[in-house]
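Below: the structure, in structure tokens.
The values are calculated or read from the model by the stated rules, or taken from the named source; none is laboratory data. None of these values were measured; they are calculated from a predicted model. All Cβ positions, glycine included, derive from the backbone under ideal geometry; neighbour counts span all protein chains shown. For accessibility, only protein heavy atoms count, side chains too; no ligands or nucleic acids. Shrake-Rupley method; radii C 1.70, N 1.55, O 1.52, S 1.80 Å.
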Amino acid sequence: VSFVIAKITAICPIGLLKRVSDLLRWQYKDPSFYLPWKLNTLPIFSDSSALYHTLEKPAPLSPKEESDLQLAHQRLLELCQKCVQDNVALTIDAEDTSIQPAIDYFTYSSAIMYNQDGNPIVFGTIQAYLKDAKERLFVTTKTAQSLGIPMGFKLVRGAYMSSESKLASLLGYDSPVHNSIQETHACYNDCASFMLERIADGYGAVVLATHNVESGQLAASKACDLGIQKGNQKLEFAQLYGMSDALSFGLRNAGFQVSKYLPYGPVDMVMPYLLRRAEENRGLLSTSSLDSVLMGKELKRRLKKLQFAKSEMASPSSMKIEIGTH
């Protein structure tokens with residue numbers, strides 16, 4: 001196992017995550033707004049971040065909410081401690097923008113505690129389909145680097161396109177998601193390039209989670225140009241188990257670290273997750289077609305080889321050789 005993936009919604013109530021996100025957004029609008037429970041963290045927002053989820057000043061957390069927040073954070077710290085003991089990185093998954101600020105808060109406050117000595121244990125997740133993704137990645141990474149905190153990130157395209165756009169439209173705001181898939185691709189590739197440059201300078205780590213062949217090729221080429229060794233543990237590619245196998249094996253055969261992402265949990269929760277991944281990766285269908293073509297070629301090759309072997313076994317000369325060997 002190269003990584004353990006955790007969802008904050010599994011250890012903290014969604015309602016509380018929304019409340020914490022509202023409070024964090026309001027503090028970003030008004031820095032004088034005091035949050036007594038807030039731990040040290042890295043930048044969560046950027047100037048281009050969508051803040052329309054919080055239009056009014058939220059009420060402070062109740063004592064019960066603060067207690068629940070502390071319990072949730074303690075659960076995450078226990079996961080972090082176990083990962084430190086086993087030297088396995090912990091990646092925190094991203095979710096929709098209504099609760100993402102709280103998730104980033106959990107991630108970054110834990111990273112400050114556990115990412116030390118050039119070894120990022122806690123990884124955040126950046127969704128490249130968001131318009132502010134690149135700016136947030138730049139700001140957070142540079143702040144962490146200035147503080148001597150090695151920060152790791154998993155880069156994905158995003159999984160809540162329909163719901164994000166629908167909610168923004170209902171509230172009368174522009175969608176936080178890029179207007180086209182091409183802009184999302186460009187953002188993903190720019191974020192990957194930025195993190196590869198940091199790794200080449202000896203800082204941070206990245207997991208490039210993508211089913212897009214072009215993104216994989218561009219990142220692999222960029223890594224080679226920067227002189228990043230193919231066995232470098234700070235660079236890893238990842239695809240879902242059973243998806244984009246041609247990309248996975250191609251990158252692995254080229255010498256890069258590759259993981260197959262294996263979801264685990266109840267079927268009624270895992271299936272919606274997998275369906276969101278399919279929506280997230282619009283290039284997945286074309287990649288699956290490539291996999292089908294390659295598997296078809298391999299099947300034909302094996303059938304041809306099998307037919308040739310059978311014809312050899314049926315010929316008199318081969319029979320003589322077989323009898324002779326016995």
For this session: Consider a paramagnetic label point 7 Å from the Cα of Lys297 along Cα→Cβ; state which residues of the stretch 210-225 have an amide N under 17 Å from it.
Result: 213-214, 217
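Give, in whole angstrom and from largest to smallest, the semi-axes √(5λ) of the equivalent ellipsoid of the chain, with λ running over the eigenvalues of the Cα gyration tensor. Mind dumping the intermediate values first?
Details: eigenvalues 391, 93, 77 Å².
One finds semi-axes of 44, 22, 20 Å for the chain.
Per residue, how much accessible area does the chain show when a 1.4 Å probe rolls over the protein heavy atoms, in square angstrom? Show your work: numbers first, answer last.
On the way: 16880 Å² over 326 residues.
In whole numbers, the chain has 52 Å² accessible per residue.
Can you tell me the length gained on complete extension of the stretch Tyr264 to Thr143, counting 0.36 nm per residue apart and subtracting the Cα distance?
Numbers: separation 121, 0.36 × 121 = 43.56 nm, distance 3.37 nm.
Result: 40.2 nm gained on full extension.
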Exercise. Modelled label-to-label distance, Arg252 and Ala59, 7 Å Cα→beta-carbon offset: nm?
Worked result: 5.3 nm
Seminar exercise, completed: At the level of C-alpha centres, the distance separating the stretch 96-125 and the stretch 216-272, in angstrom, is 21 Å
For this session: Distance check, please: which entries in Lys64/Lys134; Lys260/Lys304; Lys57/Lys142; Lys154/Lys222; Lys222/Lys305 exceed 27 angstrom between their Cα atoms?
Result: Lys64/Lys134; Lys260/Lys304; Lys57/Lys142; Lys222/Lys305
Exercise. Ignoring any ligand, DNA or RNA, what whole percent of the accessible area of the chain comes from carbon and sulfur when the probe is 1.4 angstrom?
Worked result: 58 percent
Problem set entry | Extent along principal axes [Cα atoms of the stretch 109-184; Å; largest to smallest] | 45, 25, 19
